[in-house]
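Take a look at the structure set out below.
The values are calculated or read from the model by the stated rules, or taken from the named source; none is laboratory data. This one's a predicted model, so the numbers in the text were calculated from it and none came from an experiment. FYI the Cβ positions are ideal-geometry reconstructions off the backbone, even for glycines, and counts take in every protein chain you see. Surface accessibility is based on the protein's heavy atoms, side chains included, excluding ligands, DNA and RNA. Shrake-Rupley method; radii C 1.70, N 1.55, O 1.52, S 1.80 Å.
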Amino acid sequence: MINDKKVLFSGMQATGNLTLGNYLGALKNWVALSDEYECFYCVVDEHSITVRQDPATLRRRARALLTLYIAAGLDPEKNCIYYQSHVSGHAELAWILNCFTYMGELNRMTQFKDKAAKHADNINAGLFTYPVLMAADILLYQADVVPVGIDQKQHLEITRDIAMRFNSLYGETFTIPEPYIGKAGAKIMSLQSPDKKMSKSDENPNASIYLMDDPDTILRKCKRAVTDSEGCICYRDEQPGVKNLLNIYSACTGKTPEEAVAEFSGKGYGELKMAVGEAVVSQLRPLQEEVARLEKDKAYIDRIIKDNAEKAAYYANKTLRKVQRKVGFPDRIR
Ligand code: ATP
Ligand code: LTN
(Lines give C-alpha, C1' and ligand atoms only; values in the text may rest on other atoms or scores of the structure.)
(Ligands and ions follow the chains in the order given, each with its own letter.)
Protein backbone atom coordinates (compact mmCIF):
# COMPACT_ATOMS: atom_id res chain seq x y z
CA MET A 1 0.00 0.00 0.00
CA ILE A 2 1.19 3.52 -0.79
CA ASN A 3 -0.88 6.49 0.46
CA ASP A 4 -3.62 4.02 1.50
CA LYS A 5 -3.96 2.80 -2.06
CA LYS A 6 -3.15 -0.55 -3.60
CA VAL A 7 -0.24 -0.49 -6.04
CA LEU A 8 -0.43 -1.04 -9.80
CA PHE A 9 2.59 -1.68 -12.02
CA SER A 10 2.78 -2.13 -15.78
CA GLY A 11 5.16 -1.53 -18.65
CA MET A 12 5.64 -1.67 -22.40
CA GLN A 13 8.65 -2.07 -24.60
CA ALA A 14 9.68 0.71 -26.97
CA THR A 15 10.42 -1.75 -29.75
CA GLY A 16 8.13 -0.42 -32.49
CA ASN A 17 5.19 1.79 -33.27
CA LEU A 18 2.30 1.01 -30.93
CA THR A 19 -0.77 -0.57 -32.45
CA LEU A 20 -4.47 -0.38 -31.71
CA GLY A 21 -3.97 -3.77 -29.97
CA ASN A 22 -1.51 -2.26 -27.48
CA TYR A 23 -3.93 0.59 -26.85
CA LEU A 24 -7.17 -1.37 -26.45
CA GLY A 25 -5.50 -4.35 -24.72
CA ALA A 26 -3.31 -2.44 -22.29
CA LEU A 27 -2.97 1.34 -22.33
CA LYS A 28 -6.70 2.10 -22.26
CA ASN A 29 -7.16 -0.12 -19.18
CA TRP A 30 -4.25 1.60 -17.48
CA VAL A 31 -6.07 4.91 -17.79
CA ALA A 32 -9.32 3.43 -16.46
CA LEU A 33 -7.53 2.05 -13.37
CA SER A 34 -5.29 5.01 -12.66
CA ASP A 35 -7.54 6.77 -10.12
CA GLU A 36 -8.13 3.73 -8.01
CA TYR A 37 -4.48 2.68 -7.53
CA GLU A 38 -1.06 4.15 -6.81
CA CYS A 39 0.40 3.56 -10.28
CA PHE A 40 3.83 2.95 -11.79
CA TYR A 41 3.96 2.95 -15.59
CA CYS A 42 7.36 2.07 -16.90
CA VAL A 43 8.98 2.28 -20.33
CA VAL A 44 10.92 -1.00 -20.13
CA ASP A 45 13.97 -0.04 -22.18
CA GLU A 46 16.17 -2.66 -20.49
CA HIS A 47 13.88 -5.39 -21.79
CA SER A 48 14.12 -3.92 -25.29
CA ILE A 49 17.81 -4.73 -25.73
CA THR A 50 17.16 -8.48 -25.42
CA VAL A 51 16.65 -8.06 -29.17
CA ARG A 52 19.15 -5.96 -31.18
CA GLN A 53 18.16 -2.29 -31.37
CA ASP A 54 19.56 0.68 -33.21
CA PRO A 55 20.60 3.02 -30.32
CA ALA A 56 19.26 6.27 -31.81
CA THR A 57 15.97 4.62 -32.74
CA LEU A 58 15.55 3.06 -29.29
CA ARG A 59 16.15 6.42 -27.59
CA ARG A 60 13.63 8.16 -29.86
CA ARG A 61 11.00 5.45 -29.43
CA ALA A 62 11.42 5.34 -25.66
CA ARG A 63 10.67 9.05 -25.45
CA ALA A 64 7.75 8.72 -27.86
CA LEU A 65 6.31 5.92 -25.71
CA LEU A 66 6.65 7.90 -22.51
CA THR A 67 4.91 10.84 -24.20
CA LEU A 68 2.18 8.54 -25.42
CA TYR A 69 1.47 7.29 -21.88
CA ILE A 70 0.79 10.89 -20.88
CA ALA A 71 -1.18 11.70 -24.05
CA ALA A 72 -3.42 8.66 -23.44
CA GLY A 73 -4.59 10.30 -20.23
CA LEU A 74 -2.20 9.16 -17.50
CA ASP A 75 -1.53 12.20 -15.33
CA PRO A 76 2.25 12.21 -14.70
CA GLU A 77 1.82 14.29 -11.56
CA LYS A 78 -0.25 11.50 -9.99
CA ASN A 79 1.13 8.42 -11.75
CA CYS A 80 4.78 7.54 -11.80
CA ILE A 81 5.78 7.46 -15.49
CA TYR A 82 9.47 6.73 -16.01
CA TYR A 83 12.25 4.82 -17.78
CA GLN A 84 13.35 1.46 -16.32
CA SER A 85 17.01 2.25 -17.06
CA HIS A 86 16.84 5.37 -14.85
CA VAL A 87 16.15 3.28 -11.72
CA SER A 88 19.08 0.95 -11.02
CA GLY A 89 17.05 -1.14 -8.57
CA HIS A 90 15.40 -3.04 -11.44
CA ALA A 91 18.67 -4.58 -12.58
CA GLU A 92 19.91 -5.09 -9.01
CA LEU A 93 16.80 -6.96 -7.88
CA ALA A 94 16.77 -8.94 -11.13
CA TRP A 95 20.25 -10.25 -10.29
CA ILE A 96 19.13 -11.45 -6.88
CA LEU A 97 15.95 -13.03 -8.27
CA ASN A 98 18.01 -14.81 -10.96
CA CYS A 99 19.48 -16.80 -8.10
CA PHE A 100 15.98 -17.88 -7.04
CA THR A 101 14.71 -18.90 -10.49
CA TYR A 102 15.28 -22.29 -12.09
CA MET A 103 16.46 -22.89 -15.65
CA GLY A 104 13.59 -25.38 -16.04
CA GLU A 105 11.02 -22.69 -15.25
CA LEU A 106 12.48 -20.28 -17.78
CA ASN A 107 12.70 -23.03 -20.41
CA ARG A 108 8.92 -23.33 -20.35
CA MET A 109 8.22 -19.69 -21.28
CA THR A 110 6.43 -19.54 -24.62
CA GLN A 111 7.56 -15.97 -25.36
CA PHE A 112 11.19 -17.12 -25.02
CA LYS A 113 10.58 -20.00 -27.42
CA ASP A 114 8.85 -17.69 -29.94
CA LYS A 115 11.51 -14.99 -29.76
CA ALA A 116 14.41 -17.49 -29.84
CA ALA A 117 12.92 -18.98 -33.01
CA LYS A 118 12.52 -15.52 -34.53
CA HIS A 119 16.02 -14.32 -33.59
CA ALA A 120 17.97 -17.58 -33.96
CA ASP A 121 21.23 -15.66 -34.52
CA ASN A 122 21.00 -13.89 -31.14
CA ILE A 123 19.66 -16.15 -28.39
CA ASN A 124 21.30 -14.24 -25.56
CA ALA A 125 21.14 -14.81 -21.80
CA GLY A 126 19.06 -11.64 -21.37
CA LEU A 127 16.35 -13.03 -23.63
CA PHE A 128 16.29 -16.16 -21.47
CA THR A 129 16.09 -14.27 -18.16
CA TYR A 130 13.67 -11.64 -19.51
CA PRO A 131 10.87 -12.89 -17.20
CA VAL A 132 13.12 -12.44 -14.14
CA LEU A 133 13.69 -8.77 -14.96
CA MET A 134 9.93 -8.46 -15.41
CA ALA A 135 9.40 -10.08 -11.99
CA ALA A 136 11.86 -7.58 -10.51
CA ASP A 137 9.92 -4.68 -12.10
CA ILE A 138 6.72 -5.79 -10.45
CA LEU A 139 8.02 -6.96 -7.06
CA LEU A 140 10.21 -3.89 -6.54
CA TYR A 141 7.08 -1.76 -6.06
CA GLN A 142 5.12 -4.39 -4.09
CA ALA A 143 2.49 -4.25 -6.83
CA ASP A 144 -0.94 -5.73 -6.12
CA VAL A 145 -2.17 -5.65 -9.69
CA VAL A 146 -0.57 -5.77 -13.14
CA PRO A 147 -2.76 -4.89 -16.15
CA VAL A 148 -1.55 -6.70 -19.29
CA GLY A 149 -2.88 -8.37 -22.42
CA ILE A 150 -3.52 -12.11 -22.24
CA ASP A 151 -0.14 -12.97 -23.84
CA GLN A 152 1.69 -11.89 -20.65
CA LYS A 153 -0.21 -14.17 -18.26
CA GLN A 154 2.56 -16.77 -18.13
CA HIS A 155 5.09 -14.13 -17.08
CA LEU A 156 2.80 -13.09 -14.24
CA GLU A 157 2.61 -16.69 -13.08
CA ILE A 158 6.39 -17.07 -12.88
CA THR A 159 6.57 -13.72 -11.04
CA ARG A 160 4.15 -15.05 -8.44
CA ASP A 161 6.13 -18.31 -8.12
CA ILE A 162 9.42 -16.46 -7.58
CA ALA A 163 7.81 -14.15 -4.99
CA MET A 164 6.24 -17.03 -3.07
CA ARG A 165 9.51 -18.97 -3.11
CA PHE A 166 11.41 -15.99 -1.73
CA ASN A 167 8.75 -15.31 0.91
CA SER A 168 8.77 -18.88 2.14
CA LEU A 169 12.57 -18.87 2.45
CA TYR A 170 12.99 -15.44 4.08
CA GLY A 171 9.57 -14.51 5.50
CA GLU A 172 7.03 -12.02 4.10
CA THR A 173 8.98 -9.78 1.71
CA PHE A 174 7.01 -9.38 -1.51
CA THR A 175 3.34 -8.71 -2.23
CA ILE A 176 1.97 -11.45 -4.51
CA PRO A 177 0.67 -9.66 -7.64
CA GLU A 178 -2.50 -10.46 -9.58
CA PRO A 179 -2.79 -10.01 -13.35
CA TYR A 180 -5.59 -7.76 -14.60
CA ILE A 181 -6.79 -8.72 -18.05
CA GLY A 182 -9.51 -6.42 -19.37
CA LYS A 183 -12.48 -7.91 -21.23
CA ALA A 184 -12.85 -5.57 -24.19
CA GLY A 185 -9.75 -5.56 -26.36
CA ALA A 186 -7.85 -8.32 -24.48
CA LYS A 187 -6.78 -9.72 -27.84
CA ILE A 188 -7.15 -7.62 -30.98
CA MET A 189 -6.36 -9.69 -34.05
CA SER A 190 -4.49 -8.84 -37.25
CA LEU A 191 -6.70 -7.21 -39.90
CA GLN A 192 -5.08 -9.37 -42.58
CA SER A 193 -4.88 -12.74 -40.75
CA PRO A 194 -7.52 -12.65 -38.03
CA ASP A 195 -6.20 -15.91 -36.56
CA LYS A 196 -3.09 -14.17 -35.14
CA LYS A 197 -2.77 -11.17 -32.85
CA MET A 198 -2.23 -7.64 -34.12
CA SER A 199 1.45 -7.02 -33.44
CA LYS A 200 3.77 -4.06 -33.74
CA SER A 201 6.41 -6.25 -35.35
CA ASP A 202 4.15 -7.54 -38.17
CA GLU A 203 5.81 -7.01 -41.56
CA ASN A 204 2.54 -6.26 -43.35
CA PRO A 205 1.59 -2.64 -42.58
CA ASN A 206 -2.05 -3.34 -43.51
CA ALA A 207 -2.33 -5.92 -40.72
CA SER A 208 -2.07 -3.37 -37.91
CA ILE A 209 -3.55 0.05 -37.19
CA TYR A 210 -0.82 2.20 -35.67
CA LEU A 211 -1.82 4.76 -33.09
CA MET A 212 -0.31 7.54 -35.17
CA ASP A 213 -1.97 6.52 -38.48
CA ASP A 214 -3.89 9.38 -40.10
CA PRO A 215 -7.68 9.06 -40.63
CA ASP A 216 -7.41 8.14 -44.34
CA THR A 217 -4.95 5.35 -43.58
CA ILE A 218 -7.16 3.99 -40.79
CA LEU A 219 -10.26 3.99 -43.02
CA ARG A 220 -8.33 2.34 -45.86
CA LYS A 221 -6.94 -0.42 -43.58
CA CYS A 222 -10.41 -1.14 -42.18
CA LYS A 223 -11.90 -1.25 -45.67
CA ARG A 224 -9.27 -3.86 -46.67
CA ALA A 225 -9.74 -5.99 -43.54
CA VAL A 226 -10.12 -9.69 -44.30
CA THR A 227 -13.63 -11.04 -43.58
CA ASP A 228 -15.40 -14.10 -45.09
CA SER A 229 -18.08 -15.07 -47.60
CA GLU A 230 -20.87 -15.77 -45.06
CA GLY A 231 -22.47 -12.37 -45.57
CA CYS A 232 -23.76 -12.27 -41.98
CA ILE A 233 -22.66 -9.89 -39.24
CA CYS A 234 -22.55 -12.37 -36.36
CA TYR A 235 -20.28 -12.53 -33.31
CA ARG A 236 -18.89 -16.04 -33.49
CA ASP A 237 -15.56 -17.89 -33.69
CA GLU A 238 -16.31 -19.30 -37.14
CA GLN A 239 -16.10 -15.72 -38.51
CA PRO A 240 -12.86 -14.45 -36.92
CA GLY A 241 -12.49 -11.41 -39.20
CA VAL A 242 -16.00 -10.13 -38.49
CA LYS A 243 -15.68 -10.98 -34.80
CA ASN A 244 -12.47 -8.96 -34.59
CA LEU A 245 -14.11 -5.96 -36.29
CA LEU A 246 -17.00 -6.18 -33.82
CA ASN A 247 -14.52 -6.39 -30.92
CA ILE A 248 -12.69 -3.30 -32.15
CA TYR A 249 -16.01 -1.49 -32.60
CA SER A 250 -17.14 -2.44 -29.06
CA ALA A 251 -13.85 -1.49 -27.45
CA CYS A 252 -13.86 1.91 -29.19
CA THR A 253 -17.53 2.78 -28.58
CA GLY A 254 -18.14 1.15 -25.18
CA LYS A 255 -21.05 -0.86 -26.62
CA THR A 256 -21.26 -4.60 -25.98
CA PRO A 257 -20.68 -6.96 -28.96
CA GLU A 258 -24.38 -7.93 -28.74
CA GLU A 259 -25.43 -4.27 -29.06
CA ALA A 260 -23.08 -3.91 -32.02
CA VAL A 261 -24.56 -6.97 -33.74
CA ALA A 262 -28.07 -5.54 -33.27
CA GLU A 263 -26.95 -2.21 -34.71
CA PHE A 264 -25.62 -3.83 -37.89
CA SER A 265 -28.42 -6.32 -38.42
CA GLY A 266 -29.39 -6.45 -42.08
CA LYS A 267 -26.34 -4.36 -43.10
CA GLY A 268 -23.38 -5.41 -45.23
CA TYR A 269 -19.66 -5.83 -44.44
CA GLY A 270 -18.90 -2.55 -46.24
CA GLU A 271 -20.99 -0.60 -43.74
CA LEU A 272 -19.48 -2.46 -40.79
CA LYS A 273 -15.93 -1.70 -41.97
CA MET A 274 -16.78 1.97 -42.50
CA ALA A 275 -18.30 2.27 -39.01
CA VAL A 276 -15.31 0.51 -37.42
CA GLY A 277 -12.92 2.85 -39.25
CA GLU A 278 -14.83 5.90 -38.05
CA ALA A 279 -14.99 4.61 -34.46
CA VAL A 280 -11.22 4.06 -34.48
CA VAL A 281 -10.57 7.52 -35.95
CA SER A 282 -12.63 9.19 -33.19
CA GLN A 283 -11.04 7.04 -30.52
CA LEU A 284 -7.52 8.01 -31.63
CA ARG A 285 -8.04 11.66 -32.57
CA PRO A 286 -7.70 13.16 -29.05
CA LEU A 287 -4.65 10.98 -28.39
CA GLN A 288 -2.93 12.11 -31.58
CA GLU A 289 -3.67 15.78 -30.89
CA GLU A 290 -2.28 15.48 -27.38
CA VAL A 291 0.92 13.80 -28.61
CA ALA A 292 1.47 16.65 -31.07
CA ARG A 293 0.96 19.21 -28.29
CA LEU A 294 3.23 17.45 -25.77
CA GLU A 295 6.05 16.88 -28.25
CA LYS A 296 6.46 20.65 -28.45
CA ASP A 297 6.88 20.98 -24.69
CA LYS A 298 10.36 19.56 -24.22
CA ALA A 299 10.99 21.15 -20.82
CA TYR A 300 7.79 19.72 -19.35
CA ILE A 301 8.55 16.17 -20.50
CA ASP A 302 12.15 16.49 -19.25
CA ARG A 303 10.93 17.52 -15.81
CA ILE A 304 8.52 14.57 -15.66
CA ILE A 305 11.34 12.18 -16.61
CA LYS A 306 13.59 13.48 -13.85
CA ASP A 307 11.01 13.84 -11.04
CA ASN A 308 9.35 10.50 -11.65
CA ALA A 309 12.64 8.59 -11.82
CA GLU A 310 13.44 9.99 -8.37
CA LYS A 311 10.02 9.02 -7.05
CA ALA A 312 10.30 5.50 -8.47
CA ALA A 313 13.83 5.08 -7.07
CA TYR A 314 12.61 6.01 -3.59
CA TYR A 315 10.07 3.15 -3.51
CA ALA A 316 12.37 0.75 -5.37
CA ASN A 317 15.18 1.28 -2.86
CA LYS A 318 12.90 0.54 0.07
CA THR A 319 12.24 -2.96 -1.25
CA LEU A 320 15.78 -3.47 -2.50
CA ARG A 321 17.39 -2.68 0.87
CA LYS A 322 15.02 -5.08 2.59
CA VAL A 323 15.85 -7.86 0.12
CA GLN A 324 19.61 -7.24 0.29
CA ARG A 325 19.45 -7.50 4.07
CA LYS A 326 17.44 -10.74 3.93
CA VAL A 327 19.87 -12.51 1.60
CA GLY A 328 22.81 -11.53 3.79
CA PHE A 329 24.54 -8.57 2.12
CA PRO A 330 26.46 -6.42 4.63
CA ASP A 331 24.72 -3.29 5.98
CA ARG A 332 25.71 0.05 4.48
CA ILE A 333 27.76 2.35 6.71
CA ARG A 334 26.02 5.74 6.97
P1 ATP B 1 5.65 -7.48 -30.42
O2 ATP B 1 4.66 -7.62 -31.53
O3 ATP B 1 6.88 -6.73 -30.81
O4 ATP B 1 5.93 -8.77 -29.69
P5 ATP B 1 3.50 -6.43 -28.93
O6 ATP B 1 2.72 -5.62 -29.90
O7 ATP B 1 2.98 -7.77 -28.54
O8 ATP B 1 5.00 -6.52 -29.36
P9 ATP B 1 4.25 -5.69 -26.21
O10 ATP B 1 5.20 -4.57 -25.95
O11 ATP B 1 4.75 -7.07 -26.02
O12 ATP B 1 3.63 -5.51 -27.65
O13 ATP B 1 2.95 -5.51 -25.36
C14 ATP B 1 2.53 -4.36 -24.71
C15 ATP B 1 1.18 -4.62 -24.08
O16 ATP B 1 0.17 -4.67 -25.09
C17 ATP B 1 1.10 -5.94 -23.32
O18 ATP B 1 0.35 -5.76 -22.12
C19 ATP B 1 0.37 -6.84 -24.28
O20 ATP B 1 -0.31 -7.86 -23.59
C21 ATP B 1 -0.57 -5.88 -24.98
N22 ATP B 1 -0.91 -6.32 -26.35
C23 ATP B 1 -0.04 -6.49 -27.36
N24 ATP B 1 -0.67 -6.87 -28.50
C25 ATP B 1 -1.99 -6.95 -28.19
C26 ATP B 1 -3.18 -7.28 -28.96
N27 ATP B 1 -3.12 -7.61 -30.23
N28 ATP B 1 -4.38 -7.24 -28.32
C29 ATP B 1 -4.43 -6.90 -27.02
N30 ATP B 1 -3.37 -6.57 -26.25
C31 ATP B 1 -2.15 -6.59 -26.81
N1 LTN C 1 6.90 -8.20 -21.02
C2 LTN C 1 5.96 -7.13 -21.19
C3 LTN C 1 6.51 -5.79 -20.83
C4 LTN C 1 6.84 -5.70 -19.38
C5 LTN C 1 5.90 -5.65 -18.31
C6 LTN C 1 6.70 -5.57 -17.13
C7 LTN C 1 4.51 -5.66 -18.25
C8 LTN C 1 8.08 -5.66 -18.84
N9 LTN C 1 8.00 -5.57 -17.49
C10 LTN C 1 6.09 -5.53 -15.88
C11 LTN C 1 3.93 -5.62 -16.98
C12 LTN C 1 4.72 -5.55 -15.83
C13 LTN C 1 5.56 -7.14 -22.65
O14 LTN C 1 6.27 -7.52 -23.49
N15 LTN C 1 4.40 -6.69 -22.91
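Return yes when ALA143 is in a helix (DSSP H, G or I), of a type in the set (Gly, Ala, Ser) and away from ligand 1 (no atom under 13 Å from the Cβ) and no when it is not. Full working, then the answer.
Values: in a helix (DSSP H, G or I): no; of a type in the set (Gly, Ala, Ser): yes; away from ligand 1 (no atom under 13 Å from the Cβ): yes.
No, not satisfied.
Looking only at residues that are open to solvent by less than 30 Å² (accessible area, probe 1.4 Å) and among the aliphatic types (A, V, I, L, M) in segment 90-111, which one is farthest from ligand 1 (Cβ to nearest atom)? If you could, list the steps in order and put the result at the bottom.
From segment 90-111, those open to solvent by less than 30 Å² (accessible area, probe 1.4 Å) are 90, 93-94, 96-97, 101, 105-106, 109; that's our starting set.
Those left that are additionally among the aliphatic types (A, V, I, L, M): 93-94, 96-97, 106, 109.
Working: LEU93: 21, ALA94: 18, ILE96: 25, LEU97: 21, LEU106: 18, MET109: 13 Å.
The qualifying residue farthest from ligand 1 (Cβ to nearest atom) is ILE96.
Which residue out of ASP35, ASP45, ASP54 is over 25 Å from LYS113 (Cα atoms), without any contact (Cβ under 8 Å) to a residue 60 or more places away in the chain and either open to solvent by less than 10 Å² (accessible area, probe 1.4 Å) or not aliphatic (A, V, I, L, M) (or both)?
Working: ASP45 fails: over 25 Å from LYS113 (Cα atoms); ASP54 fails: over 25 Å from LYS113 (Cα atoms).
Just a single option satisfies the conditions, and that option is ASP35.
Name every residue in segment 112-127 that is open to solvent by 30 Å² or more (accessible area, probe 1.4 Å) and free of Cβ contacts under 8 Å to residues at least 24 places away in the same chain, in order of residue number.
PHE112, LYS113, ASP114, ALA117, LYS118, ALA120, ASP121, ILE123, ALA125
With THR175, THR217 as the choices, which residue is at pLDDT 95 or above, within 16 Å of ligand 2 (Cβ to nearest atom) and polar (S, T, N, Q)?
Numbers: THR217 fails: within 16 Å of ligand 2 (Cβ to nearest atom).
From the options THR175, THR217, the qualifying one is THR175.
Quick check on segment 178-193: of everything there that is more than 14 Å from ligand 2 (Cβ to nearest atom) and of a type outside the set (A, V, I, L, M, F, W, C), which residue is surrounded by the fewest Cβ atoms within 10 Å (Cβ to Cβ)?
LYS183
Would you point out the residue of segment 200-210, among those that are of a type in the set (Gly, Ala, Ser) and open to solvent by less than 30 Å² (accessible area, probe 1.4 Å), that is farthest from ligand 2 (Cβ to nearest atom)? Walk me through it before giving the result.
Pass one, segment 200-210, residues of a type in the set (Gly, Ala, Ser): 201, 207-208.
Checking the rest, the ones that are also open to solvent by less than 30 Å² (accessible area, probe 1.4 Å) come to 207-208.
Values: ALA207: 18, SER208: 15 Å.
If we take residues in segment 200-210 being of a type in the set (Gly, Ala, Ser) and open to solvent by less than 30 Å² (accessible area, probe 1.4 Å), then ALA207 is farthest from ligand 2 (Cβ to nearest atom).
So the check is Cβ under 6 Å with 6+ separation or different chains; which pairs have a first residue in segment 143-165 that's open to solvent by 50 Å² or more (accessible area, probe 1.4 Å) and a second one that's within 16 Å of ligand 1 (Cβ to nearest atom)?
Listed pairs, sorted by first residue: ILE150/ILE181; ILE150/ALA186; ILE150/LYS187; LYS153/PRO179.
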